Structures are given as C-alpha cells and as structure tokens.
Amino acid sequence: MFKLISGKAIAQKRQENLRLEVENLNANGVTPSLRVVLVGNSGPSEIYVRNKARRAKELGLDFNLIRFDETVSEKELIEFIDSLNHDKTVDAILVQLPLPQHINEEKVVQTVSPNKDVDGFSPINFGYLWQNNPNIIPSTAGGIMTLLEESDITTTAKHVVIVGRSNIVGRPLGALMLNSDATVTMAHSKTKDLKSITKQADILISAVGKAHFITADMVKKGATVIDVGMNRDENDRLVGDVDFDDVSSVAGAMTPVPGGVGPMTILTLMEQTIEIAKKRV
Ligand SMILES: Nc1nc2c(c(=O)[nH]1)N[C@@H](CN(C=O)c1ccc(C(=O)N[C@@H](CCC(=O)O)C(=O)O)cc1)CN2
Ligand SMILES: [Mg+2]
C-alpha cells in the first residue's frame, strides 16, 4: 500500500506542542529570539525567509530579519554577525544561504558562535554530529529524521542511499542516519552506475536539485523515497528531484514537493531555537 508522507501535516501537529513550550518559557521570563541574516534579494531565499518569519510569529518568538544589500563586504557581514554573537538578547543566529559569490561562505558560517548556530553548520557542531554526540543539527537533515520517525519508518539496519553530498543536507543526513544504525551509501555526481546503487535503497533520499532526476527504474519496489529537491519545471511549477507520478507506482512511501521536507526544515529550525532558549531558564 502506498503512503504519502505529508511533512506539512506532521509539522502542523508538532507546532502545537512547540506553542506550549514557548508558553512555558514565557512563564519563566524567556522569549526565544531568532535573528535571520539575508544578503541580497533572490526569489527563493525571500520565500524561505518569509516562511520562517511566519512560523516564528505564530509561535510568539522574538524574530528579526536583518537585510544586507548584495554588495555588502565580507568584513561588514562578519562584523555584524559577531555583534549578534555578543548580544545577550539573541538566542539563535541563521545566515540564509546561498551568499553572493564575493563572500566566503565557510568564513561566514565559522563566525557564528557554535552556541547560537541554529543551522548546525559550524565546524564545531558538525564535528559533534559526526562523533555521534549531536548538539545543534542542520534543520533539513533533522526534519527528515523526524518525518521518518513520525511515519513509523525505522532506520536500524536499513540501507539508506543519499544522493547529494552538500553541507546543508547530504553530509549531515549521512551522519544522522549512521548514528541511527542505518547502513549508509552517499552517492554524488561522480558516482558510477547510480541506478544500480539507488535500486538497493530501502530509504532513498534525493538532494540533487534537478527536476525529474529520480525515475521509477531507479527505485526498489516498496522503498521509502524522500525528496529534498526544490526545482522549477518547464511550466515554472515547483517540483522536487523525484518524478512523482512515475516513482509513486513503485515506492511504498514518498514525500511530495511542496509540502514534504520543506515544512519540516522550518519546524526543526523553530524546535532548535526553542531548545537553545531553554538554556536560559
Ligand atoms: N541558512 C540556511 N540556508 C538554507 C537552508 C538552511 O537550512 N539554512 N536550506 C535551504 C532552504 N530552506 C531553508 O532555508 C528552505 C527550503 C524550502 C522551504 C519550504 O518551506 N519549502 C516549501 C515550498 C516553498 C515554495 O513555495 O517555494 C515546501 O517544500 O513545501 C523552507 C526552507 C537553502 N538555504
Ligand atoms: Mg535546510
């Protein structure tokens, strides 16, 4: 039987509990605070940041978006982030990616204090994650683990194939899957005979950024397929990496785009902002 995994519904359900946690914190004089730094005004980043702002406001968080022109210098950006690091009223800092070409993304990510790094992108938090001692973890990867858990899809001893090795999704998800006792294969653009590998997956995750990349012939019957892609098709519709109509004829469970992984990314960001703020109680 085929199951559609709705990230939107799971995120909505968990957000109810988060509201109660925020009320509890408020009763202790704490309002979790999140600062999002956005450089330039690319269409997709604007949408993602707007979604973050909406959820934060629904939860009653202290949310602030700080915008910089896309010509901002690396030095100015780094100095600003450092001022947030030292601001005692700020729990969590997020720099929306990607950044313009002239700014070194690694340097900026390394500037965010590991204690406020709600994206879990700093080398310290990445290191903790790979040592199976996670602190703050990247939101998309964390959201996917929650999505599976809430859908009663276990990872122990499963063969998980992740296509894509980005720092935002593929690599941290590889660590989380390994930590949760899956057998993990990380595939990427240099992988030979990708289809022979994806066909072995009990859980197949695609984070490639190419519409219609995963087709039914690449999927084992009954497999769970998680689609992280956010692409525009030839009709300018938002689609994932997975050819949904084709793959749903063989998969056992699948996430849609939109309404799958995206809402879970934002939920996890809210959960982690609240977790960081709890340390103030
Ligand atoms: N600093 C960060 N930058 C980026 C991250 C990140 O986790 N931290 N991840 C992605 C973008 N991303 C979060 O920022 C993100 C992507 C998608 C969604 C989302 O809600 N998607 C919706 C559809 C939205 C639409 O209509 O286009 C869905 O899937 O239903 C939220 C966040 C890159 N940058
Ligand atoms: Mg993300």
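A few remarks follow.
- Sites T71 and K13, calculated FRET efficiency, Cβ-Cβ separation with R0 45 Å, nearest 0.05: 0.60
- Most mobile of Q101, Q15, Q131 in a GNM of the chain (Cα contacts under 10 Å): Q101
- Value of Rg to Rh for segment 99-238 (Rh from inverse mean 1/r over Cα pairs, i.e. Kirkwood): 0.99
- Helix runs (DSSP H) in the chain reaching 27 Å along axis by Cα, Kyte-Doolittle at least 1.6: none
- Of the Cα atoms belonging to segment 171-281, the radius of gyration and Dmax stand at 15.8, 52 Å.
- Nearest-20 debye value, the chain charge dipole, Cβ charges on Lys, Arg, Asp, Glu: 360 debye
- Part-to-part distance (alpha-carbon centres) for segment 194-241 and segment 50-126, which is given in Å: 30 Å
- Extension gain for the segment K221 to D87, taken as residue separation times 0.36 nm less the Cα-Cα distance, is 43.0 nm to one decimal.
- Toward the positive end of the charge dipole of segment 139-261, with +1 on the Cβ of Lys and Arg and -1 on the Cβ of Asp and Glu, the farthest Cα among A253, S196, T155 is that of S196.
- The chain - Rg (one decimal) and Dmax (whole number), Cα, Å: 18.8, 56
- In this structure, S249 and K57 have a Cβ-Cβ separation that, at R0 = 35 Å, corresponds to a calculated FRET efficiency of about 0.30.
- The GNM of the chain, with springs linking C-alpha atoms under 10 angstrom apart, assigns the highest mean-square fluctuation among E271, E58, E21 to E58.
- Spread of Cα-to-Cα distances over 10 Å intervals beginning at zero, given as percent, for segment 221-281: 21, 36, 24, 14, 5, 0
- In loop segments of segment 202-238 as defined by DSSP, the trypsin sites (Lys or Arg not before Pro) with at most 16 further C-beta atoms inside 10 Å of their C-beta are K210, K221, R237.
- For the chain, modelled as a GNM whose springs connect Cα atoms under 10 angstrom apart, the maximal fluctuation among A157, A92, A182 occurs at A157.
- Lysines whose Cα lies under 22 Å from that of K57, excluding same-chain neighbours fewer than 8 positions away: K8, K13, K88, K116, K278, K279
- Residue separation of E105 and M1 scaled by 0.36 nm, minus their Cα-Cα distance, works out to 33.1 nm of gained length.
- Ignoring lysines fewer than eight residues from K158 along the same chain, the ones with Cα atoms less than 20 angstrom from its Cα are K3, K195, K199, K220, K221.
- Each Lys and Arg contributes +1 and each Asp and Glu -1, all at the Cβ; summed about the Cα centre of segment 69-196, the dipole is approximately 680 debye.
We did not get these values from a lab; they are worked out from the coordinates using the rules stated. Bear in mind the structure is a predicted one, so any value in this text is a computation, not a measurement. Note: ideal-geometry Cβ built from the backbone for every residue, glycine included; neighbour counts use all protein chains shown.
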